[in-house]
Every structure is written in structure tokens, then in C-alpha cells.
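First the structure, in the form of C-alpha cells, and then the observations on it.
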Amino acid sequence: MQRIYDMRDKEVINIRDGCRMGFICDIEIDIDCGKIESLIIPGPAKILGLFCRENEYIVPYKCIKQIGDDLILVDVEIDKILFPC
């Protein structure tokens, strides 16, 4: 059994291109049925990773292919899941 707290420590990898997307910072939950709707991952940093981020990846739960001990594998098109914060 996985806890949401434990998912923060797992790195998200896109299996389509091998891109390391980062670590989960938040999740969206449908409170009516208690299911996870999507994972939220901070997007790429502006300059050399030093400054704030303007975008975030919102990965629908249906795109998760595997949850392992250290990684979460997803199958997504990056351009379609990158949104402004």
C-alpha cells in the first residue's frame, strides 16, 4: 500500500523519451469519490535552476504506468501536460 506522503520521494520519469520530470509536489484528488486525479510536478526552472518556476506538469493518473520503490513511470506528451502555475 502506498501513502501520498511516500510518493513525494519518488522521481517521475516519462517512458516516452526517458525525461526525468522531477518529484511530485502536489496531487489533485476527486473528493467525491476519493480518487487521485493527477500528479503535479514543478516544471523546468527559468535560469540554471536558480529562480522560480512558471510552469508545472499536471500528469493525469491514467498516464501512470508503474509505481516502483524509487520511481514513478508515466507515458505522456510533455507539451500537453505543461501548464502555467
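The values are calculated or read from the model by the stated rules, or taken from the named source; none is laboratory data. A quick note: this is a predicted structure, and the numbers were derived from the prediction, not measured. Ideal geometry is used to build each Cβ from the backbone, glycine not excepted, and the neighbour counts take in all protein chains shown.
Sub-7 Å Cβ pairs linking a first residue in the stretch 60-85 that is in contact (Cβ under 8 Å) with a residue 60 or more places away in the chain to a second residue that is acidic (Asp, Glu), at least 6 apart or interchain, are 70/11; 71/11, ordered by first then second residue. Of note, residue 22 does not satisfy the criterion of being modelled with pLDDT under 90 and surrounded by 14 or more Cβ atoms within 10 Å (Cβ to Cβ). Scanning the stretch 1-19 for residues that are surrounded by fewer than 17 Cβ atoms within 10 Å (Cβ to Cβ), at pLDDT 95 or above and among the aliphatic types (A, V, I, L, M) returns a single hit, 15.
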